[in-house]
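Inspection log for the structure reproduced underneath, given as structure tokens.
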Amino acid sequence: MAGQWREKWIGWRNRLLADPAFQRTAARLWFTRPVARRRARALFDLVAGFTYSQTLAAALESGLLARLAERPLTTADAAAAIDVPEEGTDRLLRAARALGLVERLGERWALGADGAALLGNPGIAEMVAHHALLYADLADPLSQLRARGGGRLSGYWRYAEHAGDGDGDQVAPYSRLMAASQALIADHVTHAYRFAQHQRMMDVGGGEGRFIRAVASVAPRLHFTLFDLPAVGARAADALGAAGLGDRVAITGGNFLTESLPQGHDLVTLIRVLHDHDDDPARQLLRNIHAALPPGGRLLIAEPMAETPGSEPAGDAYFGLYLWAMGSGRPRSSAEIGAMLAEAGFRRSRRVRTSIPLTVSVMLAER
């Protein structure tokens, strides 16, 4: 009965909102005008979102934001600095100002608050450059939805193949991207969970070891194992050795879906790994981790999750299509992940609060 009433309510609401006469009235009445304006702005942002992201891409790729971080510039000086005609530079500066990336100081332009925040996180710049592949795949979204993967993005992500060890040339681009974009996520996770309570941690799918480096800085007595494809592990060994962590980290190469995982760890971490895999391989991965953990051992999963209150678009709207274009994986809600953990044999699981769930959410499970 409740479902029928909700269906009727939604139908009535949608007919009302689609009525041009109601839209005109709502925009004119003082008590409905604020809501109408917010909805109009949200709808326009939805329509114009691609041009916003391309403005950001141009501001980063041209070096405009980096130049303005050094000192304010006139339009002419900015044009010379980024090698774009003055009229085009003026158009870019005005668009960037509208998005909060730059601001105007009389005849000069300065870096804006959001522009400064972007430059403070190099991983965002890496993702913006990487989006060129995603946008190419989504130029015809219906074709992409009818034929999953197979575009430029899936070819870039060699892990999606789940076959063989890969070689350095295959894994290097994606490994670099993940390493560059890991810092902010690692900071949120290490502040959300007390890693120092553990003795040995295994980071499965650990890439170049950026997350291990972050944990090592807050848990100086913790020892680590990094498990990833052999070619990735070789890159991690170099990076961790250069960071002075070679004696605290064991590198193990292998396929975490088809091989047994090393034992002897009281904590296993999956950092932006589970959502990269479809349900069957994701379940297999959780079973493999469960088998490797001792009784009482814990699994920590950190990644953006679907249906996160206040951050819903980041889950199904962004990562949903991103992972579809990748050809593997999907965003999952904490409830879905909890059900998969129970199915894999974990006795209990819970969500751990993070400071910015839009960036990363955390699930903790106990064997």
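Within segment 133-151, restricting attention to residues that are part of a helix (DSSP H, G or I) and of a type in the set (A, V, I, L, M, F, W, C), the residue that is nearest to the chain's Cα centre (by Cα) is L134.
Among residues belonging to segment 215-224 that are over 26 Å from the mean Cα position of the chain (by Cα) and surrounded by 15 or more Cβ atoms within 10 Å (Cβ to Cβ), point out the one that is farthest from M202 (Cα to Cα). My answer is L222.
Residues in segment 244-254 that are under 18 Å from T269 (Cβ atoms) and part of a loop (DSSP other than H, G, I, E, B) were compared, and the one that is least open to solvent (accessible area, probe 1.4 Å) is G254.
Screening A40, A36 for residues that are crowded, with 16+ Cβ neighbours inside 10 Å and modelled with pLDDT under 90 leaves exactly one candidate, A36.
The set of residues in segment 94-119 that are part of a strand (DSSP E or B), in contact (Cβ under 8 Å) with a residue 24 or more places away in the chain and surrounded by fewer than 18 Cβ atoms within 10 Å (Cβ to Cβ) comprises L105, R108, A110. Of the residues making up segment 345-366, none is part of a helix (DSSP H, G or I) and surrounded by fewer than 22 Cβ atoms within 10 Å (Cβ to Cβ).
Taken over segment 225-243, the residue count meeting the criterion of being buried (at least 17 other Cβ atoms within 10 Å of the Cβ) and either modelled with pLDDT of 95 or more or among the charged types (D, E, K, R) (or both) is 5. When A335 is tested against (1) aliphatic (A, V, I, L, M); (2) crowded, with 21+ Cβ neighbours inside 10 Å; (3) at pLDDT 95 or above, only condition (2) is not met.
The values are calculated or read from the model by the stated rules, or taken from the named source; none is laboratory data. Owing to the predicted nature of the structure, the values given are computational and were not obtained by experimental measurement. Neighbour counts run over all protein chains shown; Cβ positions are idealised from the backbone, glycine included. We work out accessible area using only protein heavy atoms, side chains counted, and drop any ligands, DNA or RNA first. Shrake-Rupley method; radii C 1.70, N 1.55, O 1.52, S 1.80 Å.
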